[in-house]
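The block underneath contains the structure these notes are about, expressed in structure tokens.
Here, each number is a calculation from the coordinates, and none is a lab measurement. Keep in mind that what you see is a predicted model, and the values were worked out from it rather than measured. Cβ sites come from the backbone with ideal geometry, for glycine too, and all protein chains shown count toward neighbours.
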Amino acid sequence: MRYNDPSRFLEEISDRNLDSIISVTKKPEFGEPKILGNFRSLSPNKPMISVNPADFKAANPAEIKEGMEVIHLKFGQGKVISVDERLVATIYFDALTDTPEKRIMLQFAKLQIVD
């Protein structure tokens, strides 16, 4: 069985708004954000890229072009296969084994271009 972390918004609920059936002995404490990406290289000849979330700088979506290598904080490093007229990019993330090809709307995705 797998349990999800409690929502960070639970801390904002006042005790007077909780149902009397719920027994709250201690409010949950939340740790630092986690990086979920598996940052391994797209090819064995390239070194693995490590990214500090504090240093992560998302590129302007209009700058993302076909053939570029990008980093996504959750999916890791990927190569842009195509970008359509609606700014939806198809990106191949080699680190993902289930479905390595993802379609991402660039206006919402935060991608950093690999230099």
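Computed from label points 7 Å out along Cα-Cβ, the spacing between Asp94 and Ala62 is 3.2 nm.
Protection proxy ranking, highest mean first, for peptides 11-17, 80-86, 67-73, 106-112: 67-73, 106-112, 80-86, 11-17, where packing is the per-residue count of other beta-carbon atoms within 10 Å, averaged.
Between Val114 and Ile13, what FRET efficiency follows from the Cβ-Cβ distance if R0 is 41 Å, with the result rounded to 0.05? Numbers along the way, then the final one.
Values: r = 42 Å, r/R0 = 1.01.
After rounding, the FRET efficiency stands at 0.50.
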